[in-house]
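Just below is one structure, and these are the notes that go with it.
The values are calculated or read from the model by the stated rules, or taken from the named source; none is laboratory data. Treat the numbers as computed from the prediction; the structure is a model and nothing was measured. Here the Cβ positions follow ideal geometry from the backbone for every residue, glycine too, while neighbour counts run over all protein chains shown.
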Amino acid sequence: MQPLSRLASVLPLAAASLVSLSLQAEEIRYNQIALRAEVSEEISHDLMHVTLYSEAQERNPAKLAADITRTLNAAIKQARGVAGVTVALGSRHSYPVYDDKRQNITAWRERAELRLESADFAALSKLTGEMLKDLKMAGMDFSIAVATRKAHEDALLKDAVAAFKARATLATEALGGSGYKLVNLNLSSAGFQPPMPMRMNAMKGSMMMDAAVTPEVEAGTSQVTISADGVIEVQMP
């Protein structure tokens, strides 16, 4: 057991150490301010996506599946014949159709999707119009290719850091500081894609039935933003 005199001397030292640590913690946060800077750019979409589908109803589910498969296979072959267009199967599902009392199955209905993608808008638009003779359109949208987005984000990153440094200097001057130290800095990206319009060429009379209807496309743009969030410590004179 420690003598009371030694114990009494240890307690003040421990208390002093705690006070010192507390003061150091306060000093770390002293004159620190959080800042945020953002830079944005409108980037043109360079990828076009089209989703087409085949849908039919039949009493015999096996015949229905076979008909849908033949339609899809023909469409895939047609799409693969166009350079620069990638094709992939989308969702496919079937479900029973009941009578009015919902007691007996009267038929089966099946739907299967085909997804097309290309950077050649004219080629994909023309192909889509041709395929609309046998398929229906589920949707058309546009996006920025990964490589395109990365190239723009790399350029914006430098601008975001420069904007953060300018804001840090401005804040330091406003506080009457002689300079600042960077405590931490986080960089993040975000993008916003508004709805893209799609129009169909106007066709008259029998031309509507006989000719392929080519969709007119307006790819539009997306806004890509780089944010710089950080903390600086202002050094006072």
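When you look at residue 141, is it in contact (Cβ under 8 Å) with a residue 40 or more places away in the chain, charged (D, E, K, R) and closer than 30 Å to residue 190 by Cβ, yes or no? So residue 141 fits the description; yes. Note on the range 85-95: residues that are surrounded by 12 or more Cβ atoms within 10 Å (Cβ to Cβ) and farther than 16 Å from residue 135 by Cβ total 2. No other residue among 97, 39, 87 is in the same structural domain as residue 164 (by TED's automatic domain parsing), assigned to a strand (DSSP E or B) and touching a strand residue (DSSP E or B) at 6+ places or on another chain (Cβ under 8 Å) apart from 39.
I need the strands (runs of 3 or more DSSP E) fully contained in the range 138-221, keeping only those with at least 3 residues that are modelled with pLDDT of 90 or more. Please lay out each step first, then the result.
On the way: elements: 179-192, 198-200, 215-217.
Here the list reads 179-192.
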